[in-house]
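What follows draws every value from the coordinates through simple rules; no lab data is involved. Everything numeric here is computed off the predicted structure, so don't read it as measured data. Note: ideal-geometry Cβ built from the backbone for every residue, glycine included; neighbour counts use all protein chains shown.
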Amino acid sequence: MKRLMNMFKRKPDPKQKLRDWQRKLRQECRKIEHQIRDIEREERKVKKDIKDSVKRNDMATAEGLAREIVSARRIVKRLYENKAQLNSVSMHLAETVGTAITVGNISKSTEVMKIVIKLMKAPALAATMQEFSKELTKAGVIGEFVSDVVDDTLDSEDIDEEVDKVLTAVAGETAAKLPETVRKGKIMAPAQKVKTSREEEAITEGVDGDEEPEEVRAGLAKVRS
């Protein structure tokens with residue numbers, strides 16, 4: 001009886017499977033676009049804080065904020081790379097399914113497997129691509145594999161030059177004309193006025209109408225996570 005039921009069981013439509021896969025990939029692309037917009041919106045807020053810090057000759061705060069922008073831009077760059085990889089998977093799947101329809105059977109794609117493994121190392125896509133890889137393996141598009149967990153943290157070294165470029169681009173010639181000791185944060189305001197928190201600075205100066213700089217930094221940190 002079971003064998004008879006299997007005979008009448010309809011085989012999955014390759015074209016429908018392709019549409020389902022591509023829909024999932026487009027959804028992930030839209031999520032990435034949303035993340036990029038959030039990061040870029042927070043960057044505009046942080047730029048304003050950098051300008052205010054430079055005007056106060058508070059280069060320690062300005063440099064810290066510039067480092068946040070450098071890190072955020074590196075994240076955006078990786079997000080764009082992830083989006084391109086998702087589109088590449090979609091294209092290769094279309095080719096694989098098209099060939100399967102022509103020859104009557106589906107063959108494994110090493111290109112799809114390579115890209116999927118790379119995407120599984122992206123923190124924001126790891127869980128989704130893990131499930132997606134199971135679907136592709138079950139369908140015979142890729143073979144079984146073991147993906148090692150790889151630390152995907154951003155390299156925090158050798159960013160001083162990028163930080164200086166951000167300061168110059170955001171604050172214009174103001175930052176460039178400051179003495180070297182001030183630019184490196186070695187000379188600050190009088191000791192009794194130096195604050196370690198941007199929020200404390202805003203309270204001390206009586207800034208009520210502007211958005212709390214600390215909230216801006218927290219928002220950017222939340223987007224990066």
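Figures for the structure shown
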| quantity | calculated |
| --- | --- |
| Sequence-distant residues sharing a close amide H with Asn57 (under 5 Å, placed H) | none |
| Ala169-Asp20 FRET efficiency (beta carbon distance; Förster radius 45 Å; 0.05 resolution) | 0.50 |
| FRET efficiency, Ala127 to Lys51 (Cβ-Cβ, R0 22 Å, nearest 0.05) | 0.05 |
